[in-house]
Amino acid sequence: MATARPGRGLPEGFRPSKVTFAILLKNGTDLTADTLFPFSQVTLVQTAKIREAWGVAVEVTGIQAATVTPNRAGIRHLAA
């Protein structure tokens, strides 16, 4: 039985069967290749190729940014 590495919580040699990359989107924006910065496109494709070569399924999903409610308008919204 594999033992967990200190501070990591996963067994040594652990390899997931699937990873999901969640990308924060601006309000009203859909996730497409055109909505990602070119550097992000290249990085994501290269990372996915490596994972898939290891037999790990890759999923990419977009997360819509939350809107600032009027009562929180004075708080800087970092997800926008």
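Observations, loosely collected:
- Residue identified as open to solvent by less than 80 Å² (accessible area, probe 1.4 Å), at negative phi, at pLDDT below 90 and among the hydrophobic types (A, V, I, L, M, F, W, C) among V68, V56: V68
- Residue that is most open to solvent (accessible area, probe 1.4 Å) [pool: residues in segment 21-34 that are without any contact (Cβ under 8 Å) to a residue 12 or more places away in the chain and not in a loop (DSSP other than H, G, I, E, B)]: D34
- Per-region count, segment 8-20, residues in a strand (DSSP E or B) and open to solvent by less than 60 Å² (accessible area, probe 1.4 Å): 2
- Flag if T20 is within 18 Å of the chain's Cα centre (by Cα), under 23 Å from A65 (Cβ atoms) and modelled with pLDDT of 85 or more: yes
The values are calculated or read from the model by the stated rules, or taken from the named source; none is laboratory data. It should be emphasised that the depicted structure is a prediction, and the values quoted were computed from it without experimental measurement. Reconstructed Cβ throughout: ideal geometry from the backbone, glycine too, with neighbour counts over all protein chains shown. The protein model used for the area step is the full one, side chains on, heavy atoms only, and it has no ligands, DNA or RNA in it. Shrake-Rupley method; radii C 1.70, N 1.55, O 1.52, S 1.80 Å.
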